[in-house]
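Asker: Before we start, here is the structure in question, set down as structure tokens.
What follows is calculated from the coordinates using simple rules that are stated; it is not laboratory data. Source: prediction; values computed, not measured. Heads up, the Cβs are rebuilt from the backbone with ideal geometry, glycines too, and the neighbour counts pull from every protein chain shown.
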Ligand SMILES: [Zn+2]
Ligand SMILES: [Zn+2]
């Protein structure tokens with residue numbers, strides 16, 4: 001960018017003022033350190049976890065900018081970031097690890113520094129539901145958006161695709177095997193798509209909301225089980241000749257669904273958890289259905305894997321038409337109406353699945 005262009009000093013940001021209160025406020029445009037970048041936001045998605053955060057899920061925060069699903073153009077680059085230039089279109093995953101601490105080097109970048117420490121946006125630093133946002137470890141966390149992709153497509157790689165597909169990847173379903181996805185919100189829907197992409201021969205979606213059931217079918221579910229009308233575990237056993245599934249994906253985050261996953265998994269099967277468990281001190285595992293601890297049933301967990309390499313693969317899936325995440329965009333708002341979008345996401349009214357915010 002030519003130096004003659006005067007840079008703005010302040011920006012609008014959508015913040016959590018304190019537990020239970022949100023609003024738009026003016027903040028300074030962030031400055032990058034040598035290894036960082038600042039991105040000018042073009043498109044973002046509101047996440048149910050933003051509502052959890054405002055509800056107090058991670059404790060008190062004062063005027064922290066919300067948001068962790070956003071794409072944009074590079075506005076300012078740190079001096080040691082190579083291979084990018086200002087103006088490049090980039091997507092940044094919700095999880096922005098440092099890529100050099102012990103946990104990152106061990107292969108667990110979502111647990112950067114400490115458990116869940118890869119999650120920095122709207123947690124330990126300002127999020128990206130703002131006109132500009134800061135990206136740490138930019139070299140590894142900035143992912144170029146392919147020219148053929150629109151921002152409103154690429155933005156799904158930031159969390160929904162990465163988390164949903166991680167649910168399917170961790171479920172370790174063999175080619176032709178079976179998967180059940182509990183909860184078909186946007187993450188569950190991407191888990192359905194992921195199970196299908198990874199070669200599952202039978203994908204069962206567990207969901208009661210008609211619009212979500214319909215999307216689950218479009219993303220590749222062979223059967224949809226309405227848990228409000230039938231016992232989902234019984235239905236899954238019936239659909240698998242009494243065997244249970246190879247992979248049971250928990251994409252909701254509740255005692256009931258985790259338990260159902262353990263029951264629905266066949267011996268040797270995997271329970272793959274990507275649901276956020278926000279309540280209680282403990283979760284219970286049904287002892288007998290877990291083979292009294294000897295049923296070869298594995299429980300795995302994941303937090304939205306980040307980094308440019310994965311982001312590139314996720315965006316390629318969209319570019320090549322393997323997945324169309326934009327089917328989940330039920331609502332569109334300008335950034336000035338972000339608060340309205342947030343309230344809708346909180347109450348889940350009007351059949352909302354994902355609200356897209358355009359800047
Ligand atoms: Zn999210
Ligand atoms: Zn790290």
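Asker: Specify the angular offset, from 0 to 90 degrees and rounded to the nearest 10, of the alpha carbon long axis of helix 160-170 from the longest principal axis of the alpha carbons in the chain.
Answerer: Taking the Cα atoms of the chain, the angle to 160-170 is about 40 degrees.
Asker: Shape of the stretch 74-173 from its Cα gyration tensor (a ≥ b ≥ c, root eigenvalues): rounded if a/c is under 1.5, otherwise prolate when a/b > b/c, or oblate?
Answerer: Oblate is the answer for the stretch 74-173, as a/c is 1.5 or above yet b/c matches or exceeds a/b.
Asker: Could you tell me the convex hull volume per residue, in Å³, taken over the Cα atoms of the stretch 184-331?
Answerer: Enclosed volume per residue, from the Cα hull, is 133 Å³.
Asker: Could I ask something else about it? How far, in degrees from 0 to 90, does helix 338-347 lean away from the longest principal axis of the Cα atoms of the chain, to the nearest 10?
Answerer: 20
Asker: Please find the FRET efficiency linking residue 283 to residue 217, where r is the Cβ-Cβ separation and R0 is fixed at 35 Å, and quote it to the nearest 0.05.
Answerer: The value I calculate is 0.70.
Asker: Something else about it: Checking the a/c ratio against 1.5 first, then a/b against b/c, what shape does the Cα gyration tensor give for the stretch 141-210?
Answerer: Prolate is the answer for the stretch 141-210, as a/c is 1.5 or above and a/b outweighs b/c.
Asker: Please report 156, 282, 132, 276 as a ranked list, fewest other C-beta atoms within 10 angstrom at the top and most at the bottom.
Answerer: 282, 276, 132, 156
Asker: Moving to a separate point now. To the nearest 10 degrees, how steep is helix 308-319 against the longest Cα principal axis of the chain, on a 0 to 90 scale?
Answerer: The answer is roughly 70 degrees.
Asker: Out of all DSSP beta bridges with both ends in the chain, state the antiparallel percent to the nearest 5.
Answerer: 55
Asker: Hey, how much of the P(r) for the stretch 178-271 falls beyond 20 Å, as a percent of Cα pairs?
Answerer: That fraction is 21 percent.
Asker: From the helices alone, meaning DSSP H stretches of at least four residues, give me the mean residue ellipticity at 222 nm for the chain, per-run term -39500 (n - 2.57), in deg cm²/dmol to the nearest 500.
Answerer: Taking each H run of at least 4 residues, the total per residue is -7000 deg cm²/dmol.
Asker: Looking at the chain as a GNM with Cα springs under 10 Å, which of 69, 131, 309 has the largest mean-square fluctuation?
Answerer: 309
Asker: Based on C-alpha coordinates, I'd like the Rg and Dmax of the chain, in Å.
Answerer: 20.3, 70
Asker: Next up: Any idea how far apart residue 80 and residue 313 come out in nm if each label point goes 7 Å out from Cα toward Cβ?
Answerer: So the label points at residue 80 and residue 313 sit 2.8 nm apart.
Asker: Does the stretch 34-124 come out rounded, prolate or oblate by the C-alpha gyration tensor, with a ≥ b ≥ c the root eigenvalues, rounded set by a/c under 1.5 and, if not, prolate when a/b is larger than b/c and oblate if not?
Answerer: Verdict is oblate for the stretch 34-124.
Asker: With no solvent and one point on each alpha carbon, what is the Debye value of log10 I(q)/I(0) for the stretch 286-338 at q = 0.19, 0.27, 0.28 Å⁻¹?
Answerer: -0.85, -1.03, -1.05
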